[in-house]
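The values are calculated or read from the model by the stated rules, or taken from the named source; none is laboratory data. This is a predicted model, so every value here is computed, not measured. Here the Cβ positions follow ideal geometry from the backbone for every residue, glycine too, while neighbour counts run over all protein chains shown. Just the protein is used for accessible areas: all its heavy atoms, side chains included, with ligands, DNA and RNA removed. Shrake-Rupley method; radii C 1.70, N 1.55, O 1.52, S 1.80 Å.
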Amino acid sequence: MGMRPPTGGREREGGPDTVRPAAEAEAFDVAPGTIVVDTVTGGMGRVRTVAPNGMVSVEHPNGHTWKTCAVRAASSVERLNLLAADAAQASRFPQGGDVR
């Protein structure tokens, strides 16, 4: 089974005996609106919802939404990239529904 560290990175082989709960320093608040990176797909977006079973619904500024069970906090550069994508999407599709 391939696994990645909580901070992302290269996939590693491991089994159930190599898995441990996240250390306090590794855990972070996954609340709606938090910018995260899906460590399975590499996709980045804002958390929409967190289900009781731990599944996280993530939405990219382009409207694509997916569910994942493995996310990490976005780095400062990743957050800036997502905010730039938010701004670009907003300029293409203004709030009033007027598509230009």
Checklist entry - Taking the simple approach of a point 7 Å from Cα along Cα-to-Cβ for both SER76 and GLU59, what is their distance in nm? => result 2.8
Item to check | With DNA, RNA and ligands ignored, accessible area of ASP29 (1.4 Å probe; Å², nearest 10) | outcome: 120
Item to check | Computed FRET value (nearest 0.05) for ALA31 with ALA87, which takes r as the C-beta separation and R₀ as 25 Å | outcome: 0.65
